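Novice: Got a structure for you, written out below as structure tokens; questions coming shortly.
Bear in mind these aren't lab numbers, they're just calculated from the coordinates by the rules spelled out. Keep in mind that what you see is a predicted model, and the values were worked out from it rather than measured. Note that each Cβ is placed from the backbone with ideal geometry, even for glycine, and that neighbours are counted across all protein chains shown.
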Amino acid sequence: MNTVAVRIPDFLLVDKLLGKFGYPLTAVSANITGKEVSGDINKIVESFRRKIWKPDLILDAGILPPSLPSAILDLSTIKPKILRVGPSKPEQLMKLLGI
């Protein structure tokens with residue numbers, strides 16, 4: 001299946017960057033699926049050190065406080081599916097989607 005994920009961050013620096021550019025940005029997650037989630041910039045940079053494919057840019061916002069990962073919704077079918085629960089409650093997400 002060919003799909004695209006869209007993320008709406010709740011982080012002031014990213015919000016200001018998006019406002020400055022005036023269009024969406026593409027990015028990958030700094031956290032690799034199946035690996036430990038980290039908000040420590042030093043661990044994130046180190047995780048890419050020996051990789052063939054590396055990000056072109058990593059924004060250093062310091063060591064971030066722990067937070068839940070984003071919710072992931074699959075909207076590719078008639079009835080949306082929650083693939084990963086994030087800070088929002090599943091009931092809130094379904095209400096937002098009108099379900």
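Novice: Using a 7 Å offset from the Cα along the Cα-to-Cβ direction at both residue 3 and residue 45, what is the distance between the two label points in nm, to one decimal?
Specialist: 3.5 nm
Novice: Here's another thing I want to ask about it. Which cross-chain or sequence-distant (5 or more) residues have an amide H under 5 Å from the amide H of residue 88, H modelled 1.01 Å from N in plane?
Specialist: Amide H to amide H, under 5 Å and 5 or more residues apart or across chains, residue 88 pairs with 71.
Novice: So what's the angle, to the nearest 10 degrees on a 0 to 90 scale, between helix 12-21 and the longest Cα principal axis of the chain?
Specialist: On a 0 to 90 degree scale, this one is about 90.
Novice: What's the exposure ranking of 4, 37, going from fewest to most Cβ atoms within 10 Å? Display every interim value, and only then the final one.
Specialist: Values: 4 6, 37 12.
In order of increasing Cβ crowding within 10 Å: 4, 37.
Novice: Find, among the chymotrypsin sites (Phe, Trp or Tyr not before Pro) in the range 2-61, those assigned to loop by DSSP (not H, G, I, E, B) with at most 13 other beta-carbon atoms within 10 angstrom. Please report the intermediate quantities before stating the final value.
Specialist: Details: sites: 11, 21, 48, 53; in loops: 11, 53.
Counting only loop positions with at most 13 other Cβ atoms within 10 Å, the chymotrypsin sites (Phe, Trp or Tyr not before Pro) in the range 2-61 are 11, 53.
Novice: Right, something else. Looking at the P(r) of the chain, how many percent of alpha-carbon pairs lie beyond 17 Å?
Specialist: On the way: 3057 of 4851 pairs.
Taking all Cα-Cα pairs of the chain, the fraction more than 17 Å apart is 63 percent.
Novice: Counting other C-beta atoms within 10 Å, and keeping those with at most 15, which DSSP coil trypsin sites (Lys or Arg not before Pro) do you find in the range 28-99?
Specialist: On the way: sites: 35, 43, 49, 50, 51, 81, 84, 95; in loops: 35, 49, 50, 51.
Hits after loop and neighbour filter: 35, 49, 50, 51.
Novice: Moving to a separate point now. Do any GluC sites (Glu not before Pro) in the chain lie in a loop, going by DSSP, with at most 16 other beta-carbon atoms within 10 Å of their beta carbon, and if so which? Don't skip to the answer; put the middle values down first.
Specialist: Numbers: sites: 36, 46, 91; in loops: 36.
Sites meeting the loop and neighbour criteria: 36.
Novice: Distance cut-off 31 Å, Cα to Cα: go down the list 35/81; 51/79; 54/89; 20/54; 16/79; 16/95 and report the pairs above it. Intermediate results must be reported in sequence, preceding the final value.
Specialist: Working: 35/81 23 Å; 51/79 38 Å; 54/89 34 Å; 20/54 25 Å; 16/79 33 Å; 16/95 29 Å.
Violating the 31 Å Cα-Cα cut-off are 51/79; 54/89; 16/79.
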